[in-house]
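Undergrad: The structure under discussion is supplied below as structure tokens; questions concerning it will follow.
Where a number appears in this text, it was derived from the coordinates with a stated rule and is not lab data. No experiment lies behind these values; they were computed from the predicted model shown. Reconstructed Cβ throughout: ideal geometry from the backbone, glycine too, with neighbour counts over all protein chains shown.
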Amino acid sequence: MNVIPAEHGQTIAPLARLSARHTTWLDRIDDIWQGLYTFGVVAGCVFLFAPFVVVFVISISAAPSVEFPPPSFTLTQYTRIPPDITAAFWRSLRLGLLIVSIDLALCVPAAFALARGRLPGRSLVEAFFRGPVQVPGIVMAVAFYLSYSALLRSTGINLRNEFAGLVIAHVVMTFPYMLATVVVRLYTMGPQLEEASYGLGAGFFRTMWRVTIPQMRPALIAGSFLAFVISFEDVPVALFLAPGASTSTLPVQMFQFAVDSLSPALFAAAILVLLFSMALVVAIELLVGLKRVLSDG
Amino acid sequence: MRLNIISEPLPLLDNYTGVGIGVVHALLPIYVISLVPICQAVNRNLLDASAGLGATRWQTFWHVIFPLTWTGVLASMLLMFANAIGAFTTPALLGGGRVLLLPILIRERVLLVLNWPVGATLAALLTLLTFLIVALIAAATSGKWRKERGIAFPKGARAT
């Protein structure tokens, strides 16, 4: 502790620091630290928000091609969004909702088995189901692509460039997130209230509907949100499994437009998607609180 | 995420630096969010005690906050590393196919060159690397440290 001068060690330091006479080089370091801190916060905000500003500015550009800064401004880009992108948006939305329903139907029983049942090797099973979380998206994409190819060759069932193939892959990808959220909730809430319900004469379904499900609701909403977002923003898997214009999801469609034909209308679409995502986040914040979503899984 | 990626090609297209900035941009919010619970786990009374004993903010950081949080921060950093080596969308768009990172190379082998065995091998390699890092994270946040400091395994994220 060689850096603390004697006066700081012996007097009541905060009082000493209030008077200018006692200003030491350590306090000056504090000032520099404070300055750096402020600078870092401002720089971080600029770094994070500048790209969105650029996207917005280009989305209201009147130029036919992407120019920055644009020569003049108009809102007509928002009417020129390619129909492929609009169609892909609805397809993504449908996919996301379907994924959420399948996940819910699979996860609730699975979570009960893990949290309440007496499964042999339960932690192993849990670790196995958590596995896909850590696998990079591109590896998942290759794995499904090659599996579907093998399936096609051996049985003639085609899942490539099919909605069904995408559904299966996304369920596998999102399942662990939903499961983790629900299992944690089941562990923390404990079986006491359900036992009380049974004790008061309620049957299984009544208990489930009036006691268990209401208690689990925040976790179910949080898990659904995670599953939907992961499915909605996935590029690598959807790019491998459904690249065609008639099957591709929104991010894949936008990815391909960005690679092949960048236009201000694409930026307009991006802004609309951004607004949609923000509305989703606000809705979740109002429903269960974003913090819970981000900490439970 | 998708949105800002599209904006980035303008100044730093098709090179390693541009891809690097893009990936940092995509991961930074996730990193910060994963650090919040770690910092919240630090007992506020310790900070007050430190200030009361005359420590400057730098001394408080170095002697109190840093020793209490470094394992969690390290785990978060490793997690971001795992996310970064598996990142696909950002490098694919910003690199324009010319920055050959592992995920980009895998896509090229499987979809464009149709060399499935090489693609599969590379994918297995990437998985192995990621799992290695995850094992390191588990080691860093397990047992004694986790109990003492209340640091949990950081949340996985796949946003790139």
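Undergrad: Counting other C-beta atoms within 10 Å, which of A:240, A:52, A:204 has the fewest, and how do the rest follow?
TA: Numbers: A:240 27, A:52 15, A:204 11.
Least crowded to most crowded, the residues run A:204, A:52, A:240.
Undergrad: Check residue A:61: other-chain or 5+ apart residues with amide H under 5 Å from its amide H, H built from backbone geometry?
TA: When sequence neighbours closer than 5 places are left aside, the close amide H contacts are A:74.
Undergrad: Still on this structure, please answer the following. Please give the length that would be gained between residue A:189 and residue A:42 if that part of the chain were fully extended, namely 0.36 nm times their separation in residues minus their C-alpha to C-alpha distance (nm, one decimal).
TA: Numbers: separation 147, 0.36 × 147 = 52.92 nm, distance 4.14 nm.
Net length gain for the segment: 48.8 nm.
Undergrad: Compute log10 of I(q)/I(0) for chain A with the Debye formula, placing one identical point scatterer on every Cα and leaving out solvent, at q = 0.06, 0.07, 0.12 Å⁻¹, to two decimals.
TA: So the normalised log intensities are -0.35, -0.46, -0.93.
Undergrad: Taking the Cα centre as origin and putting +1 on Lys and Arg beta-carbons and -1 on Asp and Glu beta-carbons, what dipole magnitude results for chain A, to the nearest 20 debye? Provide the component values of the computation, followed by the final result.
TA: Values: 18 positive and 16 negative charges, 160 e Å.
The dipole of chain A has a size of about 760 debye.
Undergrad: Here's something else I'd like to know. Suppose each label sits 7 Å from its Cα in the direction of the beta carbon; what would the residue A:53-residue A:73 distance come out to in nanometres?
TA: 1.3
Undergrad: Here's something else I'd like to know. Pick out the long, greasy-scoring helices in chain A: whole DSSP H runs spanning 24 Å or more along their own axis by Cα, mean Kyte-Doolittle at least 1.0.
TA: Values: long enough: A:25-59 (51 Å, 1.39); A:83-115 (46 Å, 1.41); A:137-155 (26 Å, 1.25); A:163-189 (37 Å, 1.61); A:213-233 (29 Å, 1.16); A:264-287 (35 Å, 2.53).
Span-like helices in chain A: A:25-59, A:83-115, A:137-155, A:163-189, A:213-233, A:264-287.
Undergrad: Further question: Quick one: A:28, A:116, B:44, fewest Cβ neighbours within 10 Å first, how do they rank? Can you show the working numbers first?
TA: Details: A:28 11, A:116 14, B:44 8.
Starting with the residue having the fewest Cβ neighbours, the order is B:44, A:28, A:116.
Undergrad: Count, for each residue of A:44-55, the Cβ atoms from other chains sitting within 10 Å of its Cβ, then give me the mean as a whole number. Write down the numbers at each step before the final one.
TA: Numbers: counts 3, 0, 0, 4, 5, 1, 4, 10, 3, 2, 7, 6.
Per residue, the number of nearby Cβ atoms from other chains is 4 on average.
Undergrad: Count charges around residue A:142 for me, please; just the other residues with Cβ under 12 Å from its Cβ, Lys/Arg as +1, Asp/Glu as -1.
TA: Values: positive: B:107, B:109; negative: B:108.
Counting the neighbours of residue A:142, the net charge comes to +1.
Undergrad: Ignoring everything except DSSP H segments at least 4 long, calculate the 222 nm mean residue ellipticity for the protein assembly as shown; use -39,500 (n - 2.57) per segment, divide by total residues, nearest 500.
TA: Working: 23 runs with 328 residues, N = 457.
Taking each H run of at least 4 residues, the total per residue is -23000 deg cm²/dmol.
Undergrad: A follow-up question, please. Average partner chain C-beta neighbours within 10 Å, per residue of A:140-146? Kindly include the intermediate steps, with their values, before the conclusion.
TA: Working: counts 4, 7, 14, 4, 0, 7, 6.
Mean number of neighbouring Cβ atoms from other chains: 6.
Undergrad: Same structure, new question: Roughly how far apart, in whole Å, are the Cα centres of segment A:98-119 and segment A:28-94?
TA: 39
Undergrad: Evaluate E = 1/(1 + (r/R0)^6) for residue A:62 and residue B:100, where r is the Cβ-Cβ distance and R0 equals 25 Å; express this FRET efficiency to the nearest 0.05. Mind dumping the intermediate values first?
TA: Working: r = 38 Å, r/R0 = 1.51.
Plugging the Cβ-Cβ distance into 1/(1 + (r/R0)^6) gives 0.10.
Undergrad: Further question on the same structure: Which order results if A:37, B:16 are arranged by neighbouring Cβ count within 10 Å, fewest first? Intermediate results must be reported in sequence, preceding the final value.
TA: Working: A:37 11, B:16 15.
The most exposed by this proxy come first: A:37, B:16.
Undergrad: Can you figure out the FRET efficiency of residue B:115 with residue B:32, using R₀ = 30 Å and their beta-carbon distance, to the nearest 0.05? Intermediate results must be reported in sequence, preceding the final value.
TA: On the way: r = 39 Å, r/R0 = 1.32.
The formula returns an efficiency of 0.15 here.
Undergrad: Give me the one-decimal nm value for the distance between modelled label points at residue B:66 and residue A:151, 7 Å along each residue's Cα-to-Cβ direction.
TA: With each label point 7 Å from Cα toward Cβ, the separation is 5.3 nm.
Undergrad: Going 7 Å from the Cα of residue B:138 along its beta-carbon direction, which residues of segment A:124-143 have the amide nitrogen within less than 14 Å of the resulting point?
TA: Flagged as within label range: A:124-135.
Undergrad: What spacing in nm lies between the two simple spin-label points modelled at residue A:87 and residue A:217, each 7 Å away from Cα in the Cβ direction?
TA: So the label points at residue A:87 and residue A:217 sit 4.0 nm apart.
Undergrad: A further question on this structure: Mind checking which of A:256, A:61, A:136 is farthest towards the positive end of chain A's charge dipole, using Cβ charges of +1 (Lys, Arg) and -1 (Asp, Glu) about the Cα centre?
TA: A:136
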